[in-house]
Amino acid sequence: MGRAELDIGATDACADTAHALGTPMRSPIPRMDRLTFDRDGRPLDHKYLYCRGDQWRYRLRIERRGTRGGRAS
C-alpha cells in the first residue's frame with residue numbers, strides 16, 4: 001500500500017445498514033469513505049464503512065518525518 005484517503009462524515013442509516021448495526025432506521029451514524037492506493041498511485045480498494053454512533057472511536061497517530069529550518073516538514 002502506498003497511501004489511503006479517508007473521508008469521515010455522518011449519514012442517516014438506511015434500512016439494511018440499520019438492521020446490520022442494530023440501530024434505528026434513519027438514525028445518524030458515522031460513515032467513512034476509504035480509498036487505498038498502491039505505491040504508484042493506482043487505486044486498489046474503495047470501501048464505505050459504517051458504525052454505530054454510540055460505539056464509535058477515532059484514533060489518530062501523527063509522526064514527523066524530519067525537520068527543515070526548525071519546523072516539521
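The values are calculated or read from the model by the stated rules, or taken from the named source; none is laboratory data. Note that the coordinates shown come from a computational prediction; the quantities given were computed from them, not determined experimentally. Cβ placement follows ideal geometry from the backbone for every residue including glycine, while neighbour counts extend to all protein chains displayed.
Could you list all residues from segment 21-73 that are at pLDDT 85 or above, of a type in the set (A, V, I, L, M, F, W, C) and not in a loop (DSSP other than H, G, I, E, B)?
Answer for segment 21-73, where residues must be at pLDDT 85 or above, of a type in the set (A, V, I, L, M, F, W, C) and not in a loop (DSSP other than H, G, I, E, B): 21, 29, 32, 35, 37, 44, 49.
Looking at this structure, is residue 48 touching a Lys or Arg at 6+ places or on another chain (Cβ under 8 Å) and hydroxyl-bearing (Ser, Thr, Tyr)?
Numbers: touching a Lys or Arg at 6+ places or on another chain (Cβ under 8 Å): yes; hydroxyl-bearing (Ser, Thr, Tyr): yes.
Taking the combined requirement at face value, the residue satisfies it.
Every residue, every condition in (1) of a type outside the set (Val, Ile, Thr); (2) surrounded by 11 or more Cβ atoms within 10 Å (Cβ to Cβ); (3) in contact with a Gly (Cβ under 9 Å, 6 or more places away or on another chain), yes or no:
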site	(1), (2), (3)
9	yes, no, no
15	yes, no, no
19	yes, yes, no
27	yes, yes, yes
30	yes, yes, yes
33	yes, yes, yes
46	yes, no, no
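Need pairs with beta-carbon distance below 6 Å; first residue free of Cβ contacts under 8 Å to residues at least 40 places away in the same chain and of a type in the set (Ser, Thr, Tyr) and within segment 5-25, second part of a strand (DSSP E or B) and surrounded by 13 or more Cβ atoms within 10 Å (Cβ to Cβ); sequence gap 6+ or separate chains.
Partner pairs satisfying both residue conditions: 11/31; 17/50.
Quickly run through segment 10-20 and pick out the residues that are assigned to a helix (DSSP H, G or I) and either under 19 Å from the mean Cα position of the chain (by Cα) or under 15 Å from residue 51 (Cβ atoms) (or both). Full working, then the answer.
Residues of segment 10-20 assigned to a helix (DSSP H, G or I): 15-20.
Selection gives 16, 17, 18, 19, 20.
Could you tell me whether residue 64 is of a type outside the set (Phe, Trp, Tyr), on the phi > 0 side of the Ramachandran plot and without any contact (Cβ under 8 Å) to a residue 24 or more places away in the chain?
Numbers: of a type outside the set (Phe, Trp, Tyr): yes; on the phi > 0 side of the Ramachandran plot: no; without any contact (Cβ under 8 Å) to a residue 24 or more places away in the chain: yes.
Criteria not met by residue 64.
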